[in-house]
Every structure is written in C-alpha cells, then in structure tokens.
1. Name the residues of region B:9-27 whose amide N is less than 16 Å from a point 7 angstrom out from the Cα of C:Ala68 along the C-beta direction?
2. Taking a quarter of the surface of the Cα convex hull of chain A, what do you get in nm²?
3. Taking the Cβ of B:Lys388 as the centre, find all other residues whose Cβ is under 9 Å away and add up their charges (Lys, Arg: +1; Asp, Glu: -1).
4. Can you give the log10 of the normalised intensity I(q)/I(0) at q = 0.21, 0.28, 0.29 Å⁻¹, computed with Debye over equal Cα scatterers of region C:60-109?
5. Order the peptides B:255-262, A:39-46, B:86-93, A:125-132 from the highest to the lowest mean number of other Cβ atoms within 10 Å of their residues.
6. Report, as a whole number in µm² per second, the diffusion coefficient that Stokes-Einstein gives for chain B at 37 °C and 0.692 mPa s using the Kirkwood radius over alpha carbon pairs.
7. Quick one: what does P(r) look like for region B:201-359 with 5 Å bins over all Cα pairs, in whole %?
8. Using the count of nearby Cβ atoms within 10 Å as a rough guide to exposure, how do C:Val132, B:Val218, B:Val307 rank from fewest to most?
Amino acid sequence: MRGKVAIIGYAQSYHQGNMPMTREDMVFEVAKGAAEMAGITREDLDTVINASNDYLDGRTISELFLVMPMGAYLRDYTKVEMDGAFAMFYGMLKILSGTHDIALIVANTQGSTFNPHQISTYMLDPTFDRQIGVLNDVSMAAIQARMYMNKYSVSEDEVAIVSLKNLGNAAKNPHAHRRMPGITIEEVLNSKLLYDPIRELTMSPISDGACAVVLATEKKARELSDNPVWIEGVGSSQDSYIRNRNLYHLEGLEKAAKRAYQMADIKNQFAELDLAEVSERYAYEELMIYEALGFCEKGKGGTLIDSCATFKDGQLPVNPSGGALSADPITATGLIRVVEAVMQIRGEAGACQLPGVWRALAHGQTGVCAQSNIVYILGGEY
Amino acid sequence: MWRNVAVIGVGQTKHGIRREVNVAEMIGEAAWKAIEDAELAPEEIDAIAIGNMQGFGGICQAELWSGDWFGAPGKPLLRIATGGTTGGSVAQCAIYQVASGMFDVALAIGFEKHSDSKEPGATMGLAHVGLANFFHLLACGLDFKTSLAWGGGVGAAAGVSGYQAANYMHRSGCKIEHLDMVAAKSRSNAAKNEYAHLQWPNCTVDYIANHPRFGEIVAYPLRLGHICPASDGASAIIVAAEERARSAERPAWVRGLASCADEENQMAENAQGVAVTDSSEQIQCKIAATKAYSMAGIKNPREEIDVAEIYQPFPHQELIYSERLQLFDDGKAWIPLEEGETQIDGRLPIDPSGGVLSTNAIGSSAMQRVAECALQIMGKAGQHQVPKDVKNAVAHGWGGSTNFTVVTILGDTPRLRR
Amino acid sequence: MKSSKEEVIPVKGLPVSAAYGWSVGELMEKFIKELRNKKILATKCPKCNYTYVPPRLTCGKCFAKMDANNLTELSGKGVLVGYTTAYVELDGNGNFRDLNKPKLIGAIKLDGADSTIFMPLLDVEPEKVKEVLKVGVVWREETKGELADIKGFRPIK
C-alpha cells in the first residue's frame, strides 16, 4: 500500500427498533461524535462519504437531506450505496490517492421505515426469481442454511449456540438493539419459525442505527491522535448471483479474506488475530463465515462453535459486541463491526472489553446470502 | 503523491428506448464495448465501479443480479449513487480506485433503464425525492398547496430547475430565446452522435420556439422542447495506471477532479427552511471547479479548456454552469452563445455530443460527460469530433436538487510530468 | 414555541405505488414463450460448458458471449439440492403473514444445467422432503407461454 491510513475517531448510535429521532438527528449525532473524538471540526473534513440506500430509506437520493447533518456542506462528497464498510474502503482509496487527508464516513439506515426483507425481493432477478415470488433474503437464507447443515451434519443446536453467544455478548453492549442476558438454547429454538430452519432469534432484528468513522493519512493521524488504529489489510469481492454460485461455501468472502490477509501478511489467523467482528445476518451464516475466513476447515464451522473457541473467553473471540444478530441497521452494520473492533483495540469497549487486543478482523456484507463481502485487518500502535 | 491515470477505453450503448434488451444485457453491452475499445482481456480488470438511481428501474442494487453480464464475479466492486451526477461520481470512483495505487485497471459503468418503469417520464423516481417530506408536512398540519411549494414541487430536479431558470434570467441577460438556442444546438449536435437519443438534425430556434407541441411552456420559463428525455442506456470507461495507459494510442489523462455538495436548494429537511435563496448561484460548483482546475494546473480556463461537456438537462444550465466553470463571465454566457462560440465548430464548443438535453439515462448521463471528453481528446468522437486540437476538456455533472457537483478535467498529457 | 422532542408524528406510508414492467431481453423471451410448448431452454457456454437456466447472453464464469445458437433444451427433470418449509410469506407491503398451511420451496439443479433454480415444491409433505431426490416440472393445465406455466416441481421416481 502507498502510505498508511488510520481510523482516528468513531461514533455509533444506540441502535433500536424504532428510534424516536429523525434520520437527520441520528446522522448528525454520529457525524459530530466521530469528528469530536478525532479532534477535528467540519472545516477539517476533506471528503465525506455516506452509506445509505434509496429503497431502505424510501427516498430517491437517500442522502439528499443528510448533507448538512453529515457535515458535507461545501465538502467533497459522494455516496456508496452498499454496506458502510465498503464506503470506508472508498474513503481509504481517496486518501491513498494523495488528494484528501481526512475522510468522514457516515452510514445510516432506519429499518423501521420499511421492512428490509420486503426490499430484499427487489434485489432479485426481476425477469425470473422476483416473478416466481418464493424468494426473499430470509427464505433464501433458509435454503442455504439447510443445504449447508445437511451437507456437513451441522445441528440446529450448533446454529442456536451462535445466537446464544452473540445475544448473550450483546447484553453487555449498551449500543446493541437486541440484548438478551441469560438467554437459553430453548428460547432460541422455540422462537418463531419463519422459514425452516430460520427463526426469529437466529436472524438479525430490523434496527434503526447509524455509525461514523474518521479516516486520516499517517501524518494527520500522528498529529491528531494518540491512539490511531491502522488499516493493515483490506480485501473485497462480489460473488455471482444466487442461481450461479456455490451455496455451500461463502466463496466471495473467502476471496476477500485472502486479499486482506495477503496485504496484512497474516498467515495464522488464530495466532495473529485477537478477535473478529463479522456481519452475521443469520446465525448459520456465522458458521459459514468461520470457514470462509479460514478459522477452520470447510464444513467444520459446527465443530468450531462447539469448541467454544469463538466465545468471549476463547482463543479467537467472534462478535464480542453481539454482531449483526444484536443490531442490524443494514447499511451501518458492517461499519459498526469496524467500530467495535476499533473500540477493542483502543481499549474503549467498556463492559465488552477483552484483554490484550491488538489486531482484529472486521467484516461487512451486502446482497442476499452475503453475495458481496469486504474484510479489514485492523491493528493498533505498538 | 498523485499517480498518473488515464481513460483508455470508452463504451456506450445506443441511448433511447431499448425494450429489446433487459437491463443486465444493456449494462454488459457498454462494458464490453469499453473493454474492447481499451484492447483488454476481461481478466485484466482489477476493480469495478458502477451506479444508477434505483427508483427509476425498480431493482435494488441491480449490479448484484447482473454482475455476471459485465465480468463482476470475483472482483472488488463499489456501487455509487449521487442523484443526477451518479455517472460522474462513478467515473471518479474508478479514477480513485486506480490513483490510490490499489488497482491498476478499473471499469466504470453508469446505466439507467427508464422504460422499465410503467410511470411516464421517470415520475416515480423523481417524485420519491421529496414525497416523504411532502407527506410529513401534511401530517404536521400544513395545507396541500403550501406543502407542495415548500417541497419544491416534490420533483427534485424538474421542480427546482424551474425556479433556478427564473432566478438566473432575473440576474443575467438570459432570455427565453437563449434557452431556445441552447436546445436547438443540443438537438442538432445529437444528430451527429450515433449513441444519442433525441436526434433532430439541423434543429432551428424557430422549430423549438414555435412548434405547436414543443414550443408550449410547461413550467415557466421551460418549454416542452427544453426538457430532456428519459432514456435507456449505459456508458462505460476504462481507467488505467500510467504504465498500462502508455500502451494506448492517445490516452485521455486525468488532470484534475473534485466534487462538492451544497445545502439542498428550495427543499429543506423537515421544513426547517434553507439558506440557499438563489439556486442559480451554485457555490459548490465554483468550489469544485476551482479545486479541479488547480489540480490540473489550469490558470485560465476560458483560454485553456478546448471543449466542455456540461450537464444540462435543462438549457439554462448550460449557461449557468459554463459561468460557474469559469469559462464565461457571470451572467454573460448568453453572449458567446449568440456569437456562435459554443457551437460544435466554435471557439469553445459546449456539449458537442448533444448533452443531457438530448440524452438522459440518469445513471449514465454524467458518465457520458466524462466519456465524451475522453473521446474528444482521443480523437474518437466520430461525426461530432470538434474540428480543433483538444488538449484539455472539462466534464461536469450536477445531482440532487442541483446541489451536488462533480467536475473532472481530462487532458492529452498526464498531470505529473516525469 | 415549545419544542417537544418526545413527540413523534407518524406518517403511515405514502398512498402511492410504483408499477414496473421489465423488458426481459430476447433470450429470456424465447424461454418464456417456449414454456407454452412445455420446453425448458438453457444456454450452454461454448467455452467452458457452464449451462445457464434461464438462458442468458454472457457467461459469468469465463466471460464468453452466447446467443440463440447456444440454446439447448432441458428435460425438465432434476435433482433437489436444497429446500425450506415456509410458515410465513411477505404480503407485498412489508409485513410477514402466517400461512394457513406451510409451503415448500425447493432449490433444484435441472439435469443438463449448472444453475440452481428456486421454485415451489409440490405434492410432498414437509416431513418427507428430506427423502426427496429427483424432481420434475409440474406444468399448468393450459400453458400460455408465461412464467406461471411452471407451477412448481414435484418428486418423481
């Protein structure tokens, strides 16, 4: 990489089901919060990038009325209409090109505006799948879950343990939407069944939330921050559409992860990563994510969760924040994973804090069954 | 430290009504044309940038379904959307993808398939810009007419542009005749552009002004003949790093780029009022232009720019933006128009391609401004190639309620000399 | 004027709906029209042999171009590679509503094709679906050359 890029400020909202706040106020709070933490004012911003989606917001040009609250007034500006973790990538590219020193990335969705699951049907092939009418992101996830579980003999219990872990972790996360301290396997397995085997507690909630990060060049980062978190590696890849991709493995994520690992020179995930924050829209997805990230061999995701290695006190904790299962404000979700990882590295994760975190992986996705993925390797200062 | 990048390939579909292809095929058409124009193998594309306005075509993140059609599987891809200037922002994304040093060759595609919507003339997509605000105001107890007025006529671009034209005519020497002149010039130029939509060869001012249908005033001061069509189409460019670009015959080097966002014009968040009282002022365009020219090392744009592709779905915008892009004095752009300077064979041709006035597939239209500038520098603009040496060209785009601006400067020499 | 941060003014959806009519392209049009004759068409990539159903113009695996010359006909029989039982459905307005009777959705690999298609699974009880191996098309009584001509798939021997 030509030069280094650091994260020097962040903020996230208190994600909830129906935020008693306008989009504009929600965005303003996180934009301001991130800038304040970074020690900069609006005038210091060289570029602002938004991640929101017209359909999710029910507005054409979803970012139109967010220019002011985002701090984009008379700034270089654009919108990445994907998960916020991708918007952060664009911020990184602008900084590395040498034309911008400081970037503010703001991601926001109020899922309460309109059911994102209905919107997922608009992502389908309009000439075929959408006409046939059986698919949406939940039923498609159910099909993938069943294919994966049958092929590798993964039990519903093992999938439920992911929910147990993440919703339990979220109990200590004040920003999480769905926190369930003391949650049991029975509660998970008895929650409402939508499309077998997907249940209410094995899929993410519909959340309102926003998140922001400030990126800076190495020079600016050292000037402004005592605690910059460096982007050591990044990789992304878009997989084929559902009809023409391998549904047993998240191949796109595997490609993205390999690119990130190569850039960050990671050869042994367990030895070199202290934790991972991944975007698991569905509990079964986290098991497939383990495999794609190389945390275990193909088909061994169930075995890995059984070993407790990805629990908070395990060898490689995954989603100590509670992950997407605890809060899923769609376009903000991946950027929240970045922020949670940054918090851990900086020692600012409060009750969720794990000891000795220096290097973390953060993952964001977009599209049905995680079609497009981005992976970051983040590292603290020595 | 800047990395020299250039446009080495351009691809466009015929823009118009394209019912014989689905949107995936249409995107693929432009992408493959660009890849072939750049003489690349698809495997050589390292990254992709793509964008459109979802509401018009009725598909959410259409590039996810259609990725197979343009070589996306396995590639890093970014989806960009910024209203009308989406295509310009997508082009800039590809430029940054390469300029960052992370990728060597990037493909950028802008597209729109308006005909897939059953509503006339992109109505639904446009209405949804302000519809939520409009109903919010009604729910707060405001009456229908006031809500509509505060909501800027709800139709974003179209609603605001009427106000903008009136503002502009009030503060400059521009009259309706000048709007007729711009429209006539655009439609005539478009007739020389094989990919354009509304091609009216040798279109005259008289035709625009006195036609029983097109001459009718739709929303003062705009006639029907002044309004852009809603087109289907896709356009694509290939951006490459210097080492790769040097193998192209005549690359169009990126010399400067910038974007800037102002507060929304006319419309406001939650009816809080807006500070922009004159939407023809376009402060953010002045800022973006200054930044881009400075990057490009251009000190005297009106002398150094050889051709301009300005985003003008409405004719007064060609005049306004040519002033904000420092090509003519404030309020005076109508003079060079009258004197023929901006004709295709004039001193400073504006929109030799016919511009957005003649072809408007929203996601594609601002990309076409960059593509057309590249074609002019590369000498590949065919019948609408300007008959002069093209050293520097400026591509402009606006989006939102005329409050987003994107400016890209291309030239025949790289930004950094070795 | 007192501003009340607690007051939420609900706007219950907008009384407008948008209608779309997507053009399907020539190959897809052929596919849809041939359903009338109970034929299922696919395109086979001339370079890597990956066979797409429904048919299409570009291969996503090797980027080769295809056209009507690459069309091939499938038997309509296939293998069930995945399934789910639906207990809810979306009502089009963003609400999940409970189904009176659960419905099955199948992921099917048609013989001769590499794509997976997702269709209603008929004539089988949810408890028995894991035993289903082979499936075949269930055609509408009167086929008209529309996507609805395929009602779904059912288990076959």
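1. B:20-22
2. Details: hull surface 68.0 nm².
One quarter of the hull surface, i.e. the mean projection, equals 17.0 nm².
3. Charge balance in the 9 Å sphere: -2.
4. Reported log10 I(q)/I(0), two decimals: -0.85, -1.07, -1.09.
5. Working: B:255-262: 26.4, A:39-46: 16.4, B:86-93: 32.4, A:125-132: 20.8.
Per-residue mean Cβ counts within 10 Å order the peptides as B:86-93, B:255-262, A:125-132, A:39-46.
6. On the way: Rh = 21.0 Å.
D = 156 µm²/s.
7. Here the calculated profile for region B:201-359 is 2, 7, 12, 17, 18, 17, 13, 8, 4, 2, 1, 0.
8. Details: C:Val132 18, B:Val218 14, B:Val307 28.
Fewest-to-most Cβ neighbours within 10 Å comes out as B:Val218, C:Val132, B:Val307.
No lab work stands behind these numbers, since they all come straight from the coordinates. Small disclaimer: the values here were computed from a predicted structure and weren't measured. Cβ coordinates were reconstructed from backbone atoms using ideal geometry, including for glycine residues, and neighbour counts include every protein chain displayed.
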